[in-house]
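The values are calculated or read from the model by the stated rules, or taken from the named source; none is laboratory data. Note that this is a predicted model, so its numbers are computed, not measured. For neighbour counting, all protein chains shown are included, and Cβ atoms are generated from backbone atoms with ideal geometry for every residue, glycine included.
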Amino acid sequence: DIGMKKHNFSAGPSILSEYTIKNTAAAVENFAGTGLSILEVSHRGKEFVAVNDEARALIKELLDVPAGYEVVFMGGGASMQFCMVPYNLLNKKASYLDTGTWASKAIKEAKLFGEVDVVASSKDANYTYIPKNYKVAEDSDYFHFTSNNTIYGTEMRYDPDMKVRLVADMSSDIFSRPIDISKYDVIYAGAQKNLAPAGVTLAIVRVDALEHVDRPIPTMLKYKTHVDKDSMFNTPPVLPIYSALQTLKWYKEQGGVAVMEKKDKENAAILYDEIDRNKLFKGTVAVEDRSIMNVCFIMNDEYKDLEDEFSKFASAAGMVGIKGHRSVGGFRASLYNAMPKSSVEALIACMKEFERTH
Ligand code: PLP
């Protein structure tokens, strides 16, 4: 079976559904009966236009996107959104919550466009928790937060109530829960976790929020350009969009994002239970802020010198991508939507066996 030979816990690019991989592979050979590879067809041909339209429509359907919003596909990764958001929305001042590396990169870019109020930061504790008590100035153009901190394994699984416009980087947890889109002006996400291979970036934008700044915006960096041209202003990343459509169809067939959430929560719960139970390991994050997408854990102090050995043991058992990010150390198991429970169970079995023999 494609994709099932190893247990893929990579943080991103990461595991995709077998459905996505198989259908993408087939389209690389012969796309939509054209007799051509999807790699060599015109993006203006009716077959690809249909893919682009269906993918955006399915995102609207799966996330229950209300009227007045548009879904756009762009290049540049989530990192490009770090500057596009302030370019398009920041007139004078914006508020940001600093919950990790990606949040700070977004903050750095916003500072190029105006005043940035960092309302709170958990940097003092190596980003192991989500700050709770902070105030967002009512004269801020928007409040920006990162819903899931891929590197540190903390997550905000709710849509905050704000008096100002709300913007979120949902790169690593979009499609893992229903979202109240109506609270947001912009949601953006790189594709390479819960959607598709890298190369396409998704944004859900409130159309009437897009023309509030006075500055001229370069055409490609202006959300309105992509909204007006149905994400076809220039040549879009055709293959990632095709793959995205496969993933979206698979989500629909599975029952939608609420079903994904249930499964993701179950996967995370059994792994956190094992981390809490096993004498060798401990979680790195405040329990109430634990991410269900990226589970970070380290070895308890008295077993620290076993880290390399466990790494080797786990990789011999078929585990891939569990090394923690260098800024946290230890281990990180990413449990995105396509993660089968059997892989989580295999990792848990590995942890139990290693404990038994040490
Ligand atoms: N934001 C978050 C939460 C991420 O996890 C990442 C990448 O892992 C990024 C932004 C950067 O995304 P990209 O590499 O698509 O620019």
Quick check on the range 185-202: of everything there that is more than 10 Å from the ligand (Cβ to nearest atom) and surrounded by 24 or more Cβ atoms within 10 Å (Cβ to Cβ), which residue is farthest from Tyr242 (Cα to Cα)? Asp185
Within the range 162-184, take every residue that is among the acidic types (Asp, Glu) and either more than 11 Å from the ligand (Cβ to nearest atom) or outside any loop (DSSP other than H, G, I, E, B) (or both) and give me the one that is surrounded by the most Cβ atoms within 10 Å (Cβ to Cβ). Asp169
Residue selected from the range 307-342 under the condition among the aliphatic types (A, V, I, L, M) and touching a helix residue (DSSP H, G or I) at 6+ places or on another chain (Cβ under 8 Å), by the criterion farthest from Ile275 (Cα to Cα): Ala338
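Looking at this structure, is Ala50 within 15 Å of the ligand (Cβ to nearest atom) and either surrounded by 17 or more Cβ atoms within 10 Å (Cβ to Cβ) or not aromatic (Phe, Trp, Tyr) (or both)? Give the derivation first.
Values: within 15 Å of the ligand (Cβ to nearest atom): no; either surrounded by 17 or more Cβ atoms within 10 Å (Cβ to Cβ) or not aromatic (Phe, Trp, Tyr) (or both): yes.
In short, no.
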Return only the number of the condition from (1) under 22 Å from the mean Cα position of the chain (by Cα); (2) farther than 28 Å from Ser343 by Cα; (3) of a type in the set (Phe, Trp, Tyr) that Phe9 does not satisfy. (2)
Considering Lys92, Lys105, Lys60, which residue is more than 16 Å from the ligand (Cβ to nearest atom), in the same structural domain as Asp169 (by TED's automatic domain parsing), farther than 30 Å from Trp250 by Cα and not aliphatic (A, V, I, L, M)? Lys92
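So that you can scan it fast, the table gives a plain yes or no per residue for (1) more than 16 Å from the chain's Cα centre (by Cα); (2) within 25 Å of Ile181 (Cβ to Cβ); (3) aliphatic (A, V, I, L, M); (4) surrounded by fewer than 20 Cβ atoms within 10 Å (Cβ to Cβ):
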{"site": "Ala110", "(1), (2), (3), (4)": "yes, yes, yes, no"}
{"site": "Phe113", "(1), (2), (3), (4)": "yes, yes, no, no"}
{"site": "Ala120", "(1), (2), (3), (4)": "yes, yes, yes, yes"}
{"site": "Tyr134", "(1), (2), (3), (4)": "yes, yes, no, yes"}
{"site": "Asp139", "(1), (2), (3), (4)": "yes, yes, no, yes"}
{"site": "Tyr142", "(1), (2), (3), (4)": "yes, yes, no, no"}
{"site": "Phe145", "(1), (2), (3), (4)": "no, yes, no, no"}
Filter the range 97-124 for residues that are in contact with a Leu (Cβ under 7 Å, 6 or more places away or on another chain) and closer than 20 Å to Glu138 by Cβ and give the result. Ala110, Phe113, Gly114, Val119, Ala120
